[in-house]
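What follows is one structure encoded as C-alpha cells, with my remarks underneath.
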Amino acid sequence: MVTNNLKYIDLCGILRLISFPIFFLIIVVSSLVRAETTIYQGNIFHFTDDPSINSNAYQYIENGGLVIEKGIVKDIISESDLTKYQDRAKIIDYSGKIIFPGFIDLHIHYPQTEMIASHGEELLEWLREYTFPTEKKFSDKAYAKEVANFFIKQLYKNGTTSALVFGTVHPESVNALFEVAEREKMRLIAGKVLMDRNAPDYLQDSAESGYAESKTLIERWHNRGRLSYAITPRFAPTSTPQQLELAAKLLNEFPGIYMQTHLAENRKEVEWVKQLFPQARSYLDVYSLYGLNRDRSIFAHAIYVDNMDLQSIAKAGSAIAFCPSSNLFLGSGLFPLYKAESHAVDVGFGTDVGAGTSFSMFQTMADAYKVIQLQKSMGENTRVRSLSPFKAFYLATLGAAKSLNIENKIGNFEKGREADFIVIDLEATDLLKFRMKHAKNLEEQLFALQILGDDRSIYRTYISGEQK
Ligand code: GUN
Ligand code: FE
C-alpha cells in the first residue's frame, strides 16, 4: 500500500512537472506552424497568359487569399476557403486592395538616378553633357553603395521587385549594387558597362580588361542567391568589334547569363552605327553578326527596326524593353508595339531612368498608352490598336518575366513562384478615389490606375515574402 501510494504521488508529481513544458511546447509548435503560412487577404489579380492572345489570360479573385509559405506562393484561395485556414495560418488583411505580382523593370540605369530630369538634349548630347560626367563618380565604391541603397528603395516604393540594371564601366558599381540586392534577397540582374571607344577616357575599358572584369563579376555573382549577371555592352558605337566578340565569348563560356544593350533608339545614333559598321544590314544586324542577338538578350528601345529585324529577334528568342517615358523625354521616337506583337516578339517595359522620368511602372504604362495613341492618330498603320490596361499590366509582370526566361520563378502567382508581390491602393489620392467611384468594372479601374497612379498607389511591397 505504502509503495503504491508513493508511486501514485510520484506519478502525479511527474505529470504536474511535465504538463507545463508539454503545454508550452504545443503552443510553440502550433504557433511555428502558423508562422510558416501567411495568407494575404484582398483582391488577388495576376496573369497566366498574354491577354492579346488569350481572352482568359488573367485571374481576379475578389476578397480571396494569397497563401505564402517560406517565401513561395502555395495557393490562391477564395473567400470561403479562408475560414478553413483560420487556425493554421496568419492572416494579413488587405481587403479592398489589389494584390498583384511585383513589377519587373526590363531596363534601368541605377547610376543615373541622380541625373533624372536633365534638360534639353537628345540622346548623344545628353550622354555627353550629363550622363558620362555622372557615371564617372561610380569608380568610388562607397559612393556607388550609397546610390544603390537609395535606388533599391525607390524601386520598392514604386512596387518594382525585379529589374535588369546597368551599372557603369567600373566593376565597383556592380559590386555595390549586387551587395545591396543580395542583402534584400531581391531577384536582380545587372552588369558592368563595356565601352572601349567613343567615350571619355575616364569611362573606357579595353576589350581585354572589359572581358576579364566581367568574368570576375560573373564568377562572383552569377546564380548567387537570386542574382544573375548580364553582359552589358553600352551600345554598338562605344564598343570595338573586338570588344563585341569578347562579349559573345563570355556568353558562350557562361550559359545562363544575360546580355543587355541599347538598340536603334535615336535617328542620329542609327546613322552613326551605319558609318561604324558598314557591313551590317541594320543596327540589329551588328549585334547579330557578333553573336549578341540570342536567347536572354534584351534590347532597349528598338524604335528604328524593320520587319526583318523583328523576325530575327523573334527567331533568336531575344526581347525588347519598351521605354516610353525615356523615348518621349529625349524625343527619340515612338516604339511600334503593334509590329513587335505581330512578329510575336517578347516585350516588357523599361523605365530607363535617368532618361526615363519616373521609377513608376504606372507612369511608364501611361506614357506607353500615349505613345500608341500617337501612332494610331498618325494613321501610319490601321492595325494599331489602343493599349489595353490588361496588356499593359501583363507586360509589366508576366510579359517581362517571359522576356527574361524566368516566368517559372516570378511574374505571376502560380504555385511555386517566388513571393514577390505588391498591394495596390486604388484610392491613394483624392482624384483616384473620386475616379474609382465612377469606374464600372476592373478594366476601367486598371486604366485609371495606369494613367493616374504613381508611388502613392503602392501600399506595400513584398520580396520573397518579406515586407519592405
Ligand atoms: N544609349 C547608350 N547609352 C545610353 C543611356 O545611358 N541611356 C539611354 N537611354 N540610351 C543610351
Ligand atoms: Fe538606357
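Considering only segment 117-135, how many residues are closer than 23 Å to residue 171 by Cα, within 14 Å of ligand 2 (Cβ to nearest atom) and not charged (D, E, K, R)?
Here the count works out to 5.
Limited to segment 328-362, what total is found for residues that are outside any loop (DSSP other than H, G, I, E, B) and either away from ligand 2 (no atom under 12 Å from the Cβ) or under 22 Å from residue 390 (Cα atoms) (or both)? Before the answer, list the steps.
From segment 328-362, those outside any loop (DSSP other than H, G, I, E, B) are 328-329, 337-342, 346-349, 361-362; that's our starting set.
Still in the running and either away from ligand 2 (no atom under 12 Å from the Cβ) or under 22 Å from residue 390 (Cα atoms) (or both): 328, 337-342, 346-349, 361-362.
Number satisfying all stated conditions: 13.
Only residues that are surrounded by fewer than 24 Cβ atoms within 10 Å (Cβ to Cβ) and either outside any helix (DSSP H, G or I) or aliphatic (A, V, I, L, M) (or both): list them for segment 388-400, please.
388 - this is the single residue of segment 388-400 that is surrounded by fewer than 24 Cβ atoms within 10 Å (Cβ to Cβ) and either outside any helix (DSSP H, G or I) or aliphatic (A, V, I, L, M) (or both).
So residue 121 clears everything in (1) open to solvent by 40 Å² or more (accessible area, probe 1.4 Å); (2) in the same structural domain as residue 192 (by TED's automatic domain parsing); (3) outside any loop (DSSP other than H, G, I, E, B) except one condition, right? Which one?
With (1) open to solvent by 40 Å² or more (accessible area, probe 1.4 Å); (2) in the same structural domain as residue 192 (by TED's automatic domain parsing); (3) outside any loop (DSSP other than H, G, I, E, B) applied to residue 121, the lone miss is (3).
If only one of 178, 100, 166 is within 15 Å of ligand 1 (Cβ to nearest atom) and open to solvent by less than 30 Å² (accessible area, probe 1.4 Å), which one is it?
166
Given segment 58-110, what strands (runs of 3 or more DSSP E) lie entirely inside it while holding 3 or more residues that are more than 16 Å from ligand 2 (Cβ to nearest atom)? Outline the logic, then answer.
Numbers: elements: 58-69, 72-77, 90-101, 103-109.
Where strands (runs of 3 or more DSSP E) fall fully within segment 58-110 and carry at least 3 residues being more than 16 Å from ligand 2 (Cβ to nearest atom), they are 58-69, 72-77, 90-101.
Only one of these conditions is not met by residue 340: (1) touching a Gly at 6+ places or on another chain (Cβ under 8 Å); (2) away from ligand 1 (no atom under 16 Å from the Cβ). Which number is it?
It is condition (1) that residue 340 fails.
It is to be established whether one or more residues within segment 359-372 are within 12 Å of ligand 1 (Cβ to nearest atom), open to solvent by less than 30 Å² (accessible area, probe 1.4 Å) and touching a strand residue (DSSP E or B) at 6+ places or on another chain (Cβ under 7 Å).
Filtering segment 359-372 for residues within 12 Å of ligand 1 (Cβ to nearest atom) gives none.
No.
Can you find a residue that is under 24 Å from residue 56 (Cβ atoms), charged (D, E, K, R) and either in contact (Cβ under 8 Å) with a residue 60 or more places away in the chain or out of contact with any Lys or Arg (no Cβ under 6 Å at 6 or more places or on another chain) (or both) anywhere in segment 364-375? Walk me through it before giving the result.
Here is the first cut: in segment 364-375, the ones under 24 Å from residue 56 (Cβ atoms) are 365, 368-369, 372.
Checking the rest, the ones that are also charged (D, E, K, R) come to none.
Looking through segment 364-375, none of the residues is under 24 Å from residue 56 (Cβ atoms), charged (D, E, K, R) and either in contact (Cβ under 8 Å) with a residue 60 or more places away in the chain or out of contact with any Lys or Arg (no Cβ under 6 Å at 6 or more places or on another chain) (or both).
Quick one: residue 439 ticks every box in (1) open to solvent by 30 Å² or more (accessible area, probe 1.4 Å); (2) aliphatic (A, V, I, L, M); (3) without any contact (Cβ under 8 Å) to a residue 24 or more places away in the chain except a single one, so which number is it?
It is condition (1) that residue 439 fails.
Out of all the residues in segment 120-132, is one or more out of contact with any Gly (no Cβ under 7 Å at 6 or more places or on another chain), more than 11 Å from ligand 1 (Cβ to nearest atom) and closer than 28 Å to residue 392 by Cα?
No, segment 120-132 contains no residue that is out of contact with any Gly (no Cβ under 7 Å at 6 or more places or on another chain), more than 11 Å from ligand 1 (Cβ to nearest atom) and closer than 28 Å to residue 392 by Cα.
Going residue by residue through segment 269-283, is there one that turns out to be within 16 Å of ligand 2 (Cβ to nearest atom), open to solvent by 20 Å² or more (accessible area, probe 1.4 Å) and more than 22 Å from the chain's Cα centre (by Cα)? If you could, list the steps in order and put the result at the bottom.
Narrowing segment 269-283 to residues within 16 Å of ligand 2 (Cβ to nearest atom): 269-270, 273, 283.
Checking which are open to solvent by 20 Å² or more (accessible area, probe 1.4 Å) leaves us with 270.
Within this subset, residues satisfying the condition of being more than 22 Å from the chain's Cα centre (by Cα) are 270.
Yes, the conditions are met somewhere in segment 269-283.
Read through the list (1) more than 16 Å from residue 257 (Cβ to Cβ); (2) more than 16 Å from ligand 2 (Cβ to nearest atom); (3) among the charged types (D, E, K, R), then give the number of the only condition that residue 234 fails.
All conditions are met except number (2).
Taking the condition of being assigned to a loop (DSSP other than H, G, I, E, B), in contact with a helix residue (DSSP H, G or I) (Cβ under 7 Å, 6 or more places away or on another chain) and open to solvent by less than 10 Å² (accessible area, probe 1.4 Å), how many residues in segment 411-425 meet it? Walk me through it before giving the result.
To start, the set of residues in segment 411-425 that are assigned to a loop (DSSP other than H, G, I, E, B) comprises 411-417, 419-420, 425.
Next, from what is left, pick out any that are in contact with a helix residue (DSSP H, G or I) (Cβ under 7 Å, 6 or more places away or on another chain): 411-412, 425.
Applying the additional criterion that residues be open to solvent by less than 10 Å² (accessible area, probe 1.4 Å) yields 411-412.
Final tally of qualifying residues: 2.
With the requirement that a residue be away from ligand 1 (no atom under 16 Å from the Cβ) and without any contact (Cβ under 8 Å) to a residue 40 or more places away in the chain, what does segment 287-308 give you?
Going residue by residue through segment 287-308, those that are away from ligand 1 (no atom under 16 Å from the Cβ) are 288-291, 293-296, 306-308.
Those that are away from ligand 1 (no atom under 16 Å from the Cβ) and without any contact (Cβ under 8 Å) to a residue 40 or more places away in the chain: 288, 289, 293, 306, 307, 308.
Among 448, 401, which is the only one that is more than 16 Å from ligand 1 (Cβ to nearest atom) and more than 26 Å from residue 263 (Cβ to Cβ)?
Step by step, each of 448, 401 is checked, and only 448 is more than 16 Å from ligand 1 (Cβ to nearest atom) and more than 26 Å from residue 263 (Cβ to Cβ).
Please go through segment 293-304 and pick out each residue that is open to solvent by less than 40 Å² (accessible area, probe 1.4 Å), part of a loop (DSSP other than H, G, I, E, B) and within 16 Å of ligand 2 (Cβ to nearest atom).
Going through segment 293-304, the residues open to solvent by less than 40 Å² (accessible area, probe 1.4 Å) turn out to be 293, 297-303.
Applying the additional criterion that residues be part of a loop (DSSP other than H, G, I, E, B) yields 293, 302-303.
Of everything in segment 293-304, those that are open to solvent by less than 40 Å² (accessible area, probe 1.4 Å), part of a loop (DSSP other than H, G, I, E, B) and within 16 Å of ligand 2 (Cβ to nearest atom) turn out to be 302, 303.
Given the condition within 19 Å of residue 325 (Cβ to Cβ) and touching a residue at least 40 places away in the same chain (Cβ under 8 Å), answer yes or no: does some residue in segment 138-151 qualify?
So in segment 138-151, the residues within 19 Å of residue 325 (Cβ to Cβ) come out as 151.
If we keep only those that are touching a residue at least 40 places away in the same chain (Cβ under 8 Å) too, we end up with 151.
Yes - at least one qualifying residue is present in segment 138-151.
Hey, does segment 311-327 have a residue that's within 16 Å of ligand 2 (Cβ to nearest atom), open to solvent by 10 Å² or more (accessible area, probe 1.4 Å) and either under 25 Å from residue 428 (Cα atoms) or assigned to a helix (DSSP H, G or I) (or both)?
no
Show me the strands (runs of 3 or more DSSP E) found entirely inside segment 134-239 where at least 3 residues are more than 17 Å from the chain's Cα centre (by Cα) and at pLDDT below 95. Write out each step before concluding.
Working: elements: 160-166, 187-191, 227-233.
Hits in segment 134-239: none.
The values are calculated or read from the model by the stated rules, or taken from the named source; none is laboratory data. Note that the structure is predicted; figures quoted are calculated from it, not measured. Heads up, the Cβs are rebuilt from the backbone with ideal geometry, glycines too, and the neighbour counts pull from every protein chain shown. Just the protein is used for accessible areas: all its heavy atoms, side chains included, with ligands, DNA and RNA removed. Shrake-Rupley method; radii C 1.70, N 1.55, O 1.52, S 1.80 Å.
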